[in-house]
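J.: Input: one structure, supplied below.
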Amino acid sequence: MRHCSGWSVVVLLVLLGLGAGAQKLPTRDEGLFQMQIRDKTLFHDSSVIPDGAEISGYLFRDTPKRYYFVVEEDNTPLSVTVTPCDAPLEWKLTLQELPEEASGEGSGEPEPLDQQKLQVTVDEGTELFTYKGNDVESYVATSTPSGLYQLELLSTEKDSNFKVYATTTPESDQPYPELPYDPRVDVTALGRTTVTLAWKPTPTGSLMGQPVQYCVVINKEHNFKSMCAAEAKISSDDAFMLAPKPGRDFSPFDFMHFGFVPSDKGYGKDRGLTSNKISRAYTAKPKTSDIQKLCIGNKNIFTVSELKPDTQYYFDVFAVNSATNTSTAYVGTFARTKEEARQKTVELKDGKVSDVFIKRKGSKFLRFAPVSSHQRVTLFVHTCLDAVQVQVRRDGKLLLSQNVEGVRQFQLRGKPKAKYLIRLRGSRKGASTLKVLATTRPSSKQPFPSLPEDTRIKAFDKLRSCSSVTVAWLGTQDRNKYCIYRKEVADNYGEEQRRREQNQCAGPETRRKSEKVLCKYFHSPNLQKAVTTETVTGMEPGKTYLLDVYVVGHSGHSVKYQSKLVKTRKYC
């Protein structure tokens, strides 16, 4: 066994010497920067790795970083683990050859500090292990000589985080949770928006009694090989704008990227804010993160919910030692959620009325493909119960998206050989029934009667008596038949009750003969004068009535105007 009385002095002098000779971080003069980082005597960063503790570090791109630790006795076990986070790393472990005792040509005086430093920085030492990649990789030796060990790390792709763990007692330390004999994550159930995962528990928690919990990471890009890689991705997704690195200078372009503009006299002296125009050009926009991390305690079955249908997701599970916060990755998996149940598309025929039923919060798809060329399409939607959302696309282009309650008529610009896809989405309150008509024919040949934009019935309060009321409604330029009905209702009868009880698609054939007031034909060539009035008689004083007007088309299809509640005068 090698005696170490001189080792501590040598190592301390080495580290002090390196600290004394360290340069400040280079500026972003790229030529000077590259020259400085290649010159080991000008740019050298060193630190000591503690025995038995995980440390975190940060690498600038193309800038090596070195760590040192001492093995004091020969035949000592050694384990070094490096965990890349943001990017692949190149790392190398070497045993440095240092003199056992200080020499001053036999004088007993220590060598000058610069010469000791030169021995560390110039002498490459004995290379023990090299690795390049983004896996969590370890160097393990059951017996190593005493000496000063150097770990050099380099990231050639980008600035990156990493973690290092070194120990001379690997058998007893066990810093990372142990994986079971089968470390795979299995998908046990698959749905449209859910995936159930299962994995075998780590022996570290069940056999060794250490506090272990599991964390699940879900994303759409790839599996992660370490927890710190997943956390680095989460941090980058959460960042609104990347902050400048401490102690680092920037070029004029860098300052503009962070919302500053360089002055004419030099960007280092004047860092005024840019105008709003420049700031908007260079400010990063926040984005929704596509990665989630969920820590679920010690259970080893978990269902991930609120996923998107027909989407591929990657799932990783990490066993985390709650006491030390160290973690081990299981072998991740991936799965594609099931597709939405395919809706059967209903084909609409030109000029034919289709009855459509939609479940609560459900959807229906209708397709209309006119045979001949056309200049416009008339779409008629008549909701019978609750309101529905209507969305129309022509050859994939959105033409309209509206909520429809009652009766609506839409005029769509046509296109040769165009195809129309109509999506109907039901109400949250309950099931919906409706009638839909799509046609390229003139209005006079449509089975549904033409309607004015306003289908309300107006009552004239001043013309109200104890036995009659006078009402008016709008018509169109087409000659149609209008029938008016009345029904006595309770005084507390409200609009909500009316909507709940009545099917708006039910025609006059469903009404009692005693409720019919009259039918008449009406039209006007001038839309400004297309209004008709009618006095409803035979009512009782102080009573409430529900009035309905039906317009009947040439083929017998009818549409009801919006019902009107009226009340006769009690005293006359």
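The values are calculated or read from the model by the stated rules, or taken from the named source; none is laboratory data. In this text, all values refer to a predicted model and were calculated from it rather than measured experimentally. Cβ sites come from the backbone with ideal geometry, for glycine too, and all protein chains shown count toward neighbours. Ligands, DNA and RNA are excluded from the accessible area calculation, which covers all protein heavy atoms including side chains. Shrake-Rupley method; radii C 1.70, N 1.55, O 1.52, S 1.80 Å.
J.: Sum up the charges of everything whose Cβ sits under 15 Å from the Cβ of Thr324, counting Lys and Arg as +1 and Asp and Glu as -1, but leave Thr324 out.
T.: Local charge sum for Thr324: -3.
J.: Pairs of lysines 8 or more apart, or on different chains, with alpha carbons under 17 Å: count those in the range 364-439, would you?
T.: Working: Lys364/Lys419; Lys364/Lys429; Lys364/Lys435; Lys397/Lys415; Lys397/Lys417; Lys397/Lys419.
Total qualifying Lys-Lys pairs in the range 364-439 comes to 6.
J.: Counting only protein heavy atoms, what percent of the accessible surface of the range 457-567 is carbon or sulfur at a 1.4 Å probe? Present the calculation step by step, with values, prior to reporting the outcome.
T.: Working: 2810 of 6100 Å².
The value for the range 457-567 is 46 percent carbon and sulfur by accessible area.
J.: Per residue, what accessible area does the range 346-439 have, given a 1.4 Å probe and all protein chains present, in Å²?
T.: Numbers: 5050 Å² over 94 residues.
For the range 346-439, the per-residue accessible area is 54 Å².
J.: How large a share of the accessible area of the range 291-404, in percent, is made up of carbon and sulfur atoms when the probe is 1.4 Å and the other protein chains stay in place?
T.: 46 percent
J.: Per residue, how large is the accessible surface of the range 457-567? Use a 1.4 angstrom probe and give square angstrom.
T.: 55 Å²
J.: So, taking all protein chains as they sit and a 1.4 Å probe, how much accessible area belongs to Lys132, in Å² rounded to tens?
T.: 150 Å²
J.: Do any chymotrypsin sites (Phe, Trp or Tyr not before Pro) in the range 523-572 lie in a DSSP loop with no more than 15 other beta carbon atoms within 10 Å, and if so, which?
T.: Values: sites: Tyr545, Tyr550, Tyr561, Tyr571; in loops: Tyr561, Tyr571.
Answer in residue order: Tyr571.
J.: Which of the residue pairs Lys158/Lys308; Lys361/Lys560; Lys462/Lys520; Lys200/Lys225 have a Cα-Cα distance greater than 29 Å in the structure shown?
T.: Over 29 Å Cα-Cα: Lys158/Lys308.
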